[in-house]
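Structure first, then comments.
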Amino acid sequence: MMYSRRVINSKNSLVENGVYTWGTFNTAFKNVNPLDAHRPFGFPLPRFIKNFRLKEWQAFQAGNKDWFIFGAVYNAKITAVNILSVYHRKTGILHHYQKLTGTSSLSIASGLFDSRSSYESKDLSLVFENQLEKGIIGISGFGKGMDLPQLEIALKCFHNTEPIVISQPFGKNRGLYSHKALMSIDGVLKIENQVVEFDQNESFCIMDDHKGYYPYSVKYDWVTAAGFKENGVLCGFNLTDNQVRNHEQYNENCLWYDGKMYPLPPIKIIRNNEYWEVKDCHGWVNLKFFPKTDNRIRQNFLIVKSDYEGPYGEFEGVISIPEKISVDFTSFFGMGEKKRYRM
């Protein structure tokens, strides 16, 4: 039986009359309001407790054939993580700025219309200026000190590809929201005296606006990549295996090609010493991910435990949708995550 998943236009609000609207969408929610959900954990909770349980972040991956940039402002409500990372593919040199901070040190936007997510300090800054009403996401930031070279980014991202927007259930009225978009970009990266200019015809960004009432013990696997084919077409993918219910109906897996978003089936990721294998049970996704960096965090503080891997690396293989499209992602660059934490 051919796999299919319904994609619809979003409503104005993620939560209406206290109830989540579940589904996969190709337009943005103007009002991203998970704190308005009634009884997300099955019983009444004050708004500040719901806010404490809601994990939120805005993150991006950007680059071209030579450079890969990752950045995130992430509020786990017990602590916050702020990252700006630049990797040069030809030399394998990684410049990675990361700070653990208090949760009051950053702000996370409520949706992508005329909003701002940011962390700003004297040695690390990352700011998202969300202007989806204009079709633009601005990303700027810098890192300095920490025995690393000074770097600075200023990117203009054009929201010109159909996004994947999901609202999906962890429980009866306890949800996960994400808006992921593949975009062309222009802008500049500066590392000390080196200046790298990003041209819209060969540079990309995938942005993730994300909010979820995650379980106490979190488990998910994720891979993503993007770039330009030889014919100049921008394409990419997002593939996640997480804890939402009913993965055949609810997942955030998609292929982007030439401005269009194609939903994909549920996937599984199997790791060995050399690569991660990414496949689905319908035979559409056949990828291997070869990590080039070793970004691991392992912590155990009794009530908080983390086992995290977030390598950057290269892909090989194909995503094929029968009777529609087939894309070879061999030599495309991206990243993956293995996240296991108790919080």
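Nothing in this text is a laboratory measurement; each read-out follows from the coordinates by a stated rule. Every value quoted in this text rests on a predicted model; they were computed, and no experiment measured them. A quick note on method: Cβ atoms are made from the backbone with ideal geometry, for glycine too, and the neighbour counts reach across all protein chains shown.
Tabulated data for the structure shown
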| read-out | value |
| --- | --- |
| Euclidean distance of C-alpha centroids, the stretch 1-76 and the stretch 184-233, integer Å | 19 Å |
| Principal semi-axes in Å for the stretch 87-228 [√(5λ), Cα gyration tensor, largest first] | 27, 20, 16 |
| Debye, to nearest 20: dipole size of the chain, +1 on Lys, Arg Cβ, -1 on Asp, Glu Cβ | 1500 debye |
| Choice from 201, 272, 173 showing the highest fluctuation, given a GNM over the chain with Cα pairs closer than 10 Å | 272 |
| Difference of contour (0.36 nm per residue) and Cα-Cα distance, residue 146 to residue 113 | 8.5 nm |
| Simple Cβ-charge dipole of the stretch 1-55, Lys/Arg +1 and Asp/Glu -1, about Cα centre, in debye nearest 20 | 120 debye |
| Net lengthening on full extension, residue 199/residue 271 (0.36 nm per residue, minus Cα-Cα) | 22.4 nm |
| Shape call, the stretch 7-342: gyration tensor on alpha carbons, a/c limit 1.5 | rounded |
| Principal axis box of the stretch 192-259, alpha-carbon based, largest edge first, Å | 45, 34, 16 |
| Highest-first arrangement of 35-47, 126-138, where packing means the average Cβ count within 10 Å | 126-138, 35-47 |
| Cα Rg, Dmax (largest Cα-Cα span) when computed across the stretch 1-120, Å | 18.1, 54 |
| Extension gain, residue 229 back to residue 216 (0.36 nm per residue minus Cα-Cα distance, nm) | 0.6 nm |
| Selected from 335, 68, 168, residue furthest toward positive end of dipole (the chain; charges at beta carbon) | 168 |
| Residue 98/residue 323 FRET efficiency (R0 51 Å; Cβ-Cβ; nearest 0.05) | 0.70 |
| Projected label distance in nm at residue 105 and residue 45, using a 7 Å step from Cα toward the beta-carbon | 2.5 nm |
| Dmax and Rg, reported as Rg then Dmax, of the stretch 72-121 (C-alpha, Å) | 13.4, 38 |
| Rough spin-label spacing in nm, given labels placed 7 Å along Cα→Cβ, for residue 91 and residue 4 | 5.2 nm |
| Isotropic mean projected area of the C-alpha convex hull, the stretch 1-48 (nm²) | 4.8 nm² |
